[in-house]
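J.: Structure incoming, see below.
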Amino acid sequence: MSYNAAAADEILALEAIFGTDFVRVDPGTFRLTILLESSSVVLEFSLPQDYPTHSPPVWLLLAGWLTESISSEVSSELLDLWEKRRDVIIFSWAEWLRENLGKFFPASTAQAPIPQETDITSLPLSSSKSMKIPNIVHGQPLTDRKSKFQAHLAWVSSIREVRTVMETLNTDKKISNATHNICAYRIQEGSGLVENRDDDGEKGAGDKLLFMLQMQDVRNVCVVVSRWFGGILLGGDRFRHIVNVAKELLDAELKVRPSEASLSSSAASATSKKSFEKVLSKIKWAGESDLYVVGFASQEQQLSELPLLQRETLPFPAIKYIKKKGTSEILWQC
C-alpha cells in the first residue's frame, strides 16, 4: 500500500523508535504495543489515503481491561488530539496513552506529565571553577546521503551538569557548527525524576531521543546527537539515525560501565516485568495461553515448569522464561 510522504516518513520513524513493539499486521494495518506501569495496550491502526490532513487514522484499542465506556472516552481524546493538529499523530497518541491511561486503569500508576521542551542554553549557568566537568564519550559517526550523525553521552547528577556538558561540547568547533545538537536527559533527584529534551531546530527529534531513554529506563544520563545536514532531505530516516546512534552508544556504555546499569535494580526489575507483561498480552490476544508454560526457580534454585495459566501462583522474581509446550521456543527470558 502506498502512502503520501508525511505518512511514509511517520511509519519509518515509528519503526526506528519502537522497534519490535511496532509491527505491520498486513500491507495496510499496523499494531503498536504501548507498555503501561502495570499492563499494556495495543493500538491497531490503518492510515487513509488523505491522512493526516483530512482524515484521522482508523484505529482500535486492544486490552483485556478496556471496557466499552473507557474505550469510547479514550477514543474521543485521541480524536480531539488529531483535530487540533491535523498532522501526523501516532507518536503523539502513543505518548498520550502512556501518560494518561493510568486515570482509566486503577491498577496502573499514571506517569508524570510530559515535560515542556527546554532550550538547554536557558538552563542556569554552571561554574567551571567549582564543578567537575562530566566525562563525555563520543559514538561512531554515521553518514547517510551526505548527512552525518554522531552521538555524545555523559553521566550526570544535576541539571547544572547538563549545562556543563553542552558548554563543553560547544568548545569543539565542529560540534558547535552542527546543523542540530539534539539533547535529552533524565536525572534522579531524591525520590523524583527530572527529564527533558531540546530539539535544537529538528522538530520532534528531542521527543524521540527522550522516549528512547525512557524505554531503556536509564537515569542520570545526558545524550546529545549532532547532525550535520548534507543537502539531501532524509525524511523519516533522520529520526531513525538519531535514535539508533544514541542507543548504540548508550548500550556500549552500559556494557563497559555495569555500575551505571545497576544503579537502580528495582528499575531494571520493573522493566523486566513490563516486557513479561507485554508478552503475556500478545499471547492472550492470540488466544494461545494454553499452549505455553513458564519456567521458574524453586526455593532450592532448581528449574521447574508450570502451565502459563497457573503463573499467578508464582512470585514474579522466580519466573525465568516463557516457552511453547514441547519445544525450545522461548518467547521471554529473564
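J.: Can you name the residue in the stretch 228-237 that is out of contact with any Lys or Arg (no Cβ under 7 Å at 6 or more places or on another chain) and of a type outside the set (F, W, Y) and, of all such residues, is nearest to I90 (Cα to Cα)?
T.: G236
J.: Contact list please: Cβ distance under 6 Å, first residue in the stretch 156-171 and assigned by TED's automatic domain parsing to the domain that holds P134, second residue part of a helix (DSSP H, G or I) and modelled with pLDDT under 85, pairs at least six apart or on different chains.
T.: M166/I120
J.: Moving on. Count, please, the residues in the stretch 170-186 that happen to be exposed (fewer than 14 other Cβ atoms within 10 Å of the Cβ) and charged (D, E, K, R). Spell out the reasoning first.
T.: Narrowing the stretch 170-186 to residues exposed (fewer than 14 other Cβ atoms within 10 Å of the Cβ): 171, 173-174, 176-177.
Now drop any that are not charged (D, E, K, R), which leaves 173-174.
Total satisfying the criteria: 2.
J.: Sticking with this one: Taking the residues in the stretch 288-311 that are assigned to a strand (DSSP E or B) and farther than 14 Å from F276 by Cα as candidates, determine which candidate is modelled with the highest pLDDT.
T.: Going through the qualifying residues, I end up with P307.
The values are calculated or read from the model by the stated rules, or taken from the named source; none is laboratory data. Keep in mind that what you see is a predicted model, and the values were worked out from it rather than measured. All Cβ positions, even for glycine, are placed from backbone atoms using ideal geometry, and neighbour counts span all protein chains on display.
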